[in-house]
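Q: Can you read through this structure? Questions will come right after.
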Amino acid sequence: MADQCVQVVIIGGGAIGLSVAYHLGQLGVTDVLLLERDRLTSGTSWHAAGIVGPLRASMNLTRLARYALELFVDLELASGQATGYQQTGGVWLAQHPARMLELKRIKAMGDRSQLHTEILSADEILQRLPFLNTDDLAGGMWVEQDGQVNPVDLCMAYAKAAKVLGVEMREQCRVRDIETMNAEVSAVVLADGTRIECNKLVICAGAWSRQLGAMAGVEIPLAACEHMYVVTDVIEELPQPCPIIRDLEAGVYLKGDNGKLVLGAFEANPKLWSPQQQDAGFLMFDEDWDHAQPMLEAGINRAPIITAQGITHFMNGPESFTPDTKQIMGAAPSCKNLFVAAGFNSIGIMSSAGVGKVMAEWIRDGEAPFDLWEVDIARLDPLQCCDKYLSQRIPEAVHNQFAMHWPYKQFNSGRNLRQSAWHDLLEQKGAVFGAPSGWERPLWFAANETEAEFEYSYSSQCWWPAARREARHCQRAVSLFELSPFSKIDISGPDALALLQTVCCGDIDIETSRVLYSLMLNQRGGIEAEVTVTRLAADRFRVISGAATRFKDVYWLQKHREDAMDVEVRDVTEEYAVLGIMGPRSRDLLRDLSDTSFSDTNFPFSTTQSVRIASCELLVTRLSFVGELGWELYIPVTQAVRVLTEVLRVGEVYELGLAGHFALDSCRMEKGYRHWGHDMGADDTPYEVGLGFTVNFDKKIEFKGKQALLEQRQRGWNKQLKLCEVAADEVLVLHDEPVYLGSEIVGHCTSGALGFRTDRTLCLVMFYQRGMNEPAEYQIEIADRRFGLDVLDQAPYQVNMK
């Protein structure tokens, strides 16, 4: 029996939980109960530094953070409670030219977000902040909208405003258990035995979220560290208000606090802490002056004025961090009515406004209101939740807050989480591995020890020569690509076709052995996944998607499986290894490996067949993401090494080469192929990214997003993705670079690469108005430099793939 039934239960009375509660109330969802184990703010919010920084690493994260600039003011009016918010401005300091390049790229994000930013010289920084030592600086960046807020006052404002809207809050209510049935939360049980049934549960418990998630069988990969800062005596010489100062190379920050200076750090050797060690509210750890010594030395170097001051307070409290230094938000894939907003990596206070708003809409609607993939809990691998992995990764993640964010940077810790069956064999062949999606995969193949060193840069990349060699070899002969990290999902049962017809915008009722490229859409018509669907039998299909979206895509399919449907959704990713054999001599190689005919007549494009190679039955599909004749081989993992060994042996006759992920990305750019997560996402429709051909309005079953697409087709659309060429040789084009027409920003780059087969610098650009493909003097800005940009009528690489 339930003691109480409510629509939504929120666990956690800090800034995040309180903001979610307030915004649910704003949406009219008032049957909400917030539970706090101690007192409001008693976890980590009470000791937060309160820095407000709206400029983040991407447009959508900046969009989240920017909302605080308006809400913190409006909230005072709604609640009658002052929040202590003030705009102070802030400076990001750089000691090296490479950091200046990074800041110039970040400034472009500010320009696109209509934030006021400036690149400053060391002398200009000294003029604004004469109490700083600038002798070792290369320069910095000023952000006008940086500011600060009083964390406790902000939380009280959220609480008061939420209560006015009808939200109920209970303190001193510890959750003892979370009851589930059929992967769905049914009730929470409090320490005193009170049982509260709910339709939806939201975990916003900071460092304690991982423990709570485990009660419901949900993995929330985060860990807590001791986070330290000190507060000086009053310093008369400080400007009022004092700007936020981020000394990036030193890993420290400074901010004003009623005439005092607060000095904190994101050190390279943080001290891990487990909530199981100590579980009191308003928790403070012992002062550790030895650990804080590097922070103090860095602070004194940057602001020598600290030397003459006393330290009035040493704060050391818990703070939670995540494996990739991005927060965890959204619907848990393994429990369909459980939501998470946790692991904010010391930016929870400033994030609380935007996070509360979008989480409330996500909870109400069942879908994120805009593209939040980079912080979606579904991006994380459940294996990242083990203690050993977190103890290795989290210290590096903490330091990564202020460390250089190099292009293509790979974490050093917590590696080898997932390896393919060929990892050791390919390593012997010179593979240089990266783990962009948790899987170790070859980025390139080194010809010698020097080429195997990954030297990070904002200019020429150390791997360009190797990737160029690999792409051109594939163009000339035949190359092997390791594709095992592909997500592989089998859909079977009498209603398998009905499920896929519902979630895919294309007509999946294809002939057996045919392969269809299709998209899965949300209700707004936005693209949630790009997939290939292979029909293996009348009632059996295989869905292939990108490595990074494995858990998201499985969840999306399961989420849309109606209770009455007789269909099984099974993740078979780790049961098969995948080889891509690509290039003009790929047909000859496969002909010598098998008795199957690989002729264009017998094995046409977008078909699949069962093929026997090295005494192994495997599924072979004729597809190519590199724009060459090619096939993908799906091999039972238990026989993968035997098959690859035979492929390599026979391949010697055909000059079989090895190619990595970077070469593949170059090749796909030369064909203008889109990549989900970069060139398209949940905010983009098929028409806007040039994939309208995937939409079939004539199929009998209504597909998700159909109505939105019909309306868009009728009224037209504004933005349009186009393939472009940069008028520069070997300049590094990444993503998010703004595109100008005169002084106006008219688009941005979604991804870029050197085209090694065509000797062109290419990028995909999202133009904000259709018709931008007309001849015009477009320019792309890369680290404060502008280059000419031409819109291409067709992909520059065209070969006969028959």
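Q: Accessible area per residue of the stretch 724-802 at 1.4 Å probe, in Å²? Please report the intermediate quantities before stating the final value.
A: On the way: 3690 Å² over 79 residues.
Result: 47 Å² of accessible area for each residue.
Q: Of all accessible surface on the chain at a 1.4 Å probe, what whole percent is carbon and sulfur? Provide the component values of the computation, followed by the final result.
A: Values: 14090 of 30570 Å².
Within the chain, the accessible surface is 46 percent carbon and sulfur.
Q: Expressed as an acute angle from 0 to 90° and rounded to the nearest 10, what is the orientation of the C-alpha long axis of helix 550-559 relative to the principal long axis of the chain?
A: Here the helix axis deviates by roughly 90 degrees.
Q: Which order do 388, 719 take by accessible area at a 1.4 Å probe, largest first? Mind showing how you got there, number by number?
A: Values: 388 145, 719 50 Å².
Listed by decreasing accessible area, they come as 388, 719.
Q: Quick check for me: using +1 on Lys/Arg Cβ and -1 on Asp/Glu Cβ, what's the dipole size of the chain about its Cα centre, in debye to the nearest 20? Mind dumping the intermediate values first?
A: Details: 75 positive and 107 negative charges, 319 e Å.
Rounded to the nearest 20 debye, it is 1540 debye.
Q: Charges on Cβ only, +1 for Lys and Arg, -1 for Asp and Glu, centred on the Cα centroid of the stretch 229-284; of 239, 269, 258, which one is farthest towards the dipole's positive end?
A: So the residue we want is 269.
Q: Tell me which residues come under 5 Å, amide H to amide H, from residue 420 once H is placed; ignore anything under 5 positions away on its chain.
A: 440
Q: Also: How big is the Rg/Rh ratio for the chain, C-alpha atoms only, Rh by Kirkwood, two decimals?
A: Numbers: Rg = 27.2 Å, Rh = 28.1 Å.
The Rg/Rh ratio comes out at 0.97.
Q: Okay, moving on. For the chain, what is the relative contact order in percent, using Cα pairs closer than 8 Å and at least 6 residues apart in sequence?
A: Numbers: 1870 pairs, mean separation 91.8, N = 802.
Relative contact order for the chain comes out at 11 percent.
Q: If we sort 142-152, 735-745 on the protection proxy, mean other Cβ atoms within 10 Å, highest first, what's the order? It would help to have the intermediate numbers written out before the result.
A: Working: 142-152: 22.1, 735-745: 16.0.
Peptide ranking by packing, descending: 142-152, 735-745.
Q: Quick one: ranking 266, 454, 693 by accessible area, 1.4 Å probe, largest first, what do you get? Numbers along the way, then the final one.
A: Numbers: 266 20, 454 45, 693 145 Å².
The ordering from most to least exposed comes out as 693, 454, 266.
Q: Once you have the Kirkwood Rh of the stretch 637-780 from its Cα pairs, apply Stokes-Einstein at 20 °C and 1.002 mPa s and quote D in µm²/s. Mind showing how you got there, number by number?
A: Values: Rh = 18.0 Å.
D = 119 µm²/s.
Q: Moving on to the next point. From the alpha carbon gyration tensor of the stretch 74-233, can you work out the equivalent ellipsoid semi-axes (sqrt of 5 times each eigenvalue) and give them in Å, largest to smallest? List each step's numbers first, then the result.
A: Details: eigenvalues 378, 91, 52 Å².
After diagonalising the Cα gyration tensor, the semi-axes are 43, 21, 16 Å.
Q: Could you list, in their original order, any pairs among 163/260; 559/706; 160/357; 107/260; 552/706; 104/719 whose Cα atoms are separated by more than 23 Å?
A: Numbers: 163/260 34 Å; 559/706 18 Å; 160/357 17 Å; 107/260 29 Å; 552/706 21 Å; 104/719 26 Å.
Too far apart for the 23 Å limit: 163/260; 107/260; 104/719.
Q: Still on this structure, I have one more. From the C-alpha coordinates alone, can you work out the Kirkwood hydrodynamic radius of the stretch 620-678, in Å?
A: On the way: mean 1/r = 0.0747 Å⁻¹.
In the stretch 620-678 this quantity evaluates to 13.4 Å.
Q: Can you sort 596, 761, 312 by 1.4 Å-probe accessible area, starting with the largest? List each step's numbers first, then the result.
A: Numbers: 596 30, 761 5, 312 70 Å².
So, going from the largest accessible area down, we get 312, 596, 761.
Q: Excluding residue 46 itself, calculate the net charge of residues whose Cβ lies under 14 Å from the Cβ of residue 46, where each Lys or Arg counts +1 and each Asp or Glu counts -1.
A: On the way: positive: 37, 39; negative: 36, 38, 153, 171, 319.
Taking every other residue near residue 46 into account, the sum is -3.
Q: Right, next: Volume per residue, Å³, of the convex hull around the alpha-carbon atoms of the stretch 403-443? Walk me through the numbers on the way to the answer.
A: Working: hull volume 3.1 nm³, N = 41.
Hull volume normalised by residue count: 75 Å³.
Q: Using a simple charge model, +1 on the beta-carbon of Lys and Arg, -1 on the beta-carbon of Asp and Glu, nothing else, what dipole does the stretch 131-177 show about its Cα centre, in debye to the nearest 20?
A: Numbers: 5 positive and 8 negative charges, 119 e Å.
Its charge dipole is roughly 560 debye.
Q: Got the relative contact order for the stretch 107-205 handy, in percent, Cα pairs under 8 Å and 6 or more residues apart? Could the numbers behind the result be given before it?
A: On the way: 89 pairs, mean separation 14.8, N = 99.
RCO, the stretch 107-205: 15 percent.
Q: In sequence order, what are the phi-derived ³J(HN,Hα) couplings for the stretch 115-131 according to the Karplus relation 6.51 cos²θ - 1.76 cosθ + 1.60 with θ = phi - 60°, rounded to whole Hz, with x for glycine and proline?
A: Going residue by residue, I get 9, 8, 10, 9, 8, 10, 7, 4, 5, 5, 5, 5, 5, 7, 10, x, 7 Hz, with x marking Gly and Pro.
Q: Given a cut-off of under 8 Å on Cα pairs at least six residues apart, what relative contact order in percent is computed for the stretch 201-261? Numbers along the way, then the final one.
A: Working: 51 pairs, mean separation 15.4, N = 61.
Relative contact order comes out at 25 percent.
Q: Something else about it: Using 0.36 nm per residue, how much length does the chain from residue 163 to residue 538 gain when fully extended, once their Cα-Cα distance is taken away? Intermediate results must be reported in sequence, preceding the final value.
A: On the way: separation 375, 0.36 × 375 = 135.00 nm, distance 5.52 nm.
Gain on extension, residue 163 to residue 538, equals 129.5 nm.
Q: Also: Using bins 5 angstrom wide from zero, how does P(r) for the stretch 421-462 break down, in % of all Cα pairs?
A: Per 5 Å bin, starting at 0, the Cα pair percentages come out as 6, 22, 27, 24, 15, 5, 1.
Q: Which value results when the Cα radius of gyration for the stretch 427-495 is divided by 2.2 N^0.38 Å?
A: Details: Rg = 16.0 Å, N = 69, 2.2 N^0.38 = 11.0 Å.
Computed over Cα atoms of the stretch 427-495, the ratio equals 1.46.
Q: Can you tell me the 0 to 90 degree angle between the C-alpha axis of helix 464-476 and the longest principal axis of the chain, rounded to 10?
A: 20 degrees
Q: What percent of all Cα-Cα pairs in the stretch 309-389 falls into each 10 Å bin, going from 0 up to the bin containing the maximum distance?
A: Result returned by the calculation: 16, 44, 25, 9, 5, 1.
Q: Among DSSP bridges having both ends in the chain, what percentage is antiparallel? Round to the nearest 5.
A: Values: 128 of 156 bridges.
Percentage antiparallel, nearest 5: 80.
Q: Quick one: accessible area per residue over the stretch 601-689, 1.4 Å probe, rounded to a whole number of Å²? Kindly include the intermediate steps, with their values, before the conclusion.
A: Details: 2920 Å² over 89 residues.
Result: 33 Å² per residue.
Q: Once phi is turned into θ = phi - 60°, what whole-Hz ³J(HN,Hα) does the Karplus curve with 6.51, -1.76 and 1.60 give for every residue of the stretch 409-415, x standing for Gly and Pro?
A: 4, 10, 5, 8, 9, x, 8
Q: Further, regarding this structure: What residues qualify as long-range amide H neighbours of residue 198, i.e. H under 5 Å apart, gap of 5 or more or another chain, H built at 1.01 Å from N?
A: The list, which skips near neighbours in sequence, is 6, 187, 188.
Q: Any idea of the accessible area per residue across the stretch 489-551, 1.4 Å probe, to the nearest Å²? All intermediate terms of the calculation are to be shown ahead of the outcome.
A: Details: 1860 Å² over 63 residues.
For the stretch 489-551, the solvent-accessible area averages 30 Å² per residue.
Q: Once you have all Cα-Cα distances for the stretch 327-452, histogram them in 10 Å bins from zero and send the whole-percent values.
A: Cα pair-distance distribution for the stretch 327-452, in percent: 11, 33, 32, 18, 7, 1.
Q: Please state, as a whole number in µm²/s, the translational diffusion coefficient that the Stokes-Einstein equation yields for the stretch 1-54 at 37 °C and 0.692 mPa s, with Rh defined as the Kirkwood radius across alpha carbon pairs.
A: The diffusion coefficient I find is 263 µm²/s.
Q: Still on this structure: Given a 1.4 Å probe and the protein chains all in place, what does the accessible area of residue 11 round to, in Å² to the nearest 10?
A: Here the accessible area works out near 10 Å².
Q: Could you rank the peptides 548-560, 520-532 by their average count of other C-beta atoms within 10 Å per residue, with the highest value first? Could the numbers behind the result be given before it?
A: Details: 548-560: 20.8, 520-532: 22.8.
Top of the packing list down: 520-532, 548-560.
Q: Now, a different point. Going toward the positive end of the dipole of the stretch 729-802, with +1 on Lys and Arg Cβ and -1 on Asp and Glu Cβ, which of 768, 795, 778 do you reach last?
A: 795
Q: What number in nm² do you get for the stretch 1-100 if you take the convex hull of its Cα atoms and divide its surface by four?
A: On the way: hull surface 38.8 nm².
Average of the hull's projected areas for the stretch 1-100 equals 9.7 nm².
Q: Measure off 7 Å from each Cα along the Cα-to-Cβ vector at residue 194 and residue 641, then give the distance between these two points in nanometres to one decimal.
A: 5.8 nm
Q: Right, something else. Dipole of the chain (Lys/Arg Cβ +1, Asp/Glu Cβ -1, origin at the Cα centre): which of 318, 610, 623 lies farthest to the positive side?
A: After comparing all options, I get 610.
Q: Ok, one more. For the chain, take the longest principal axis of its alpha carbons; what is the angle in degrees between that and the long axis of helix 661-671, to the nearest 10 within 0 to 90?
A: 70 degrees
Q: If each Cα of the stretch 696-802 is one equal point scatterer, what is log10 of I(q)/I(0) from the Debye formula at q = 0.20 Å⁻¹?
A: Relative scattering, expressed as log10 I(q)/I(0), comes to -0.97.
Q: Excluding residue 599 itself, what net charge comes from residues whose Cβ is under 12 Å from its Cβ, given Lys and Arg +1 and Asp and Glu -1? Mind showing how you got there, number by number?
A: Working: positive: 587, 591, 622, 802; negative: 588, 600.
Charge balance in the 12 Å sphere: +2.
Q: Right, here's the next one. Tell me, what ³J(HN,Hα) does each residue in the stretch 89-102 have, in order and in whole Hz, if you take phi through Karplus 6.51 cos²θ - 1.76 cosθ + 1.60 with θ = phi - 60° and put x for Gly and Pro?
A: In residue order, the calculated couplings are x, x, 10, 9, 9, 10, 9, 9, x, 5, 5, 4, 4, 4 Hz.
Q: Taking amide H positions as placed 1.01 Å from N in the peptide plane, with prolines and chain starts having none, which residues 5 or more places from residue 728, or on another chain, fall under 5 Å of its amide H?
A: Correct list: 761.
The values are calculated or read from the model by the stated rules, or taken from the named source; none is laboratory data. Just so we're clear, the structure is a prediction, and the values are computed from it rather than from any experiment. Ideal geometry is used to build each Cβ from the backbone, glycine not excepted, and the neighbour counts take in all protein chains shown. These accessible areas exclude ligands, DNA and RNA; they are computed on the full protein's heavy atoms, side chains included. Shrake-Rupley method; radii C 1.70, N 1.55, O 1.52, S 1.80 Å.
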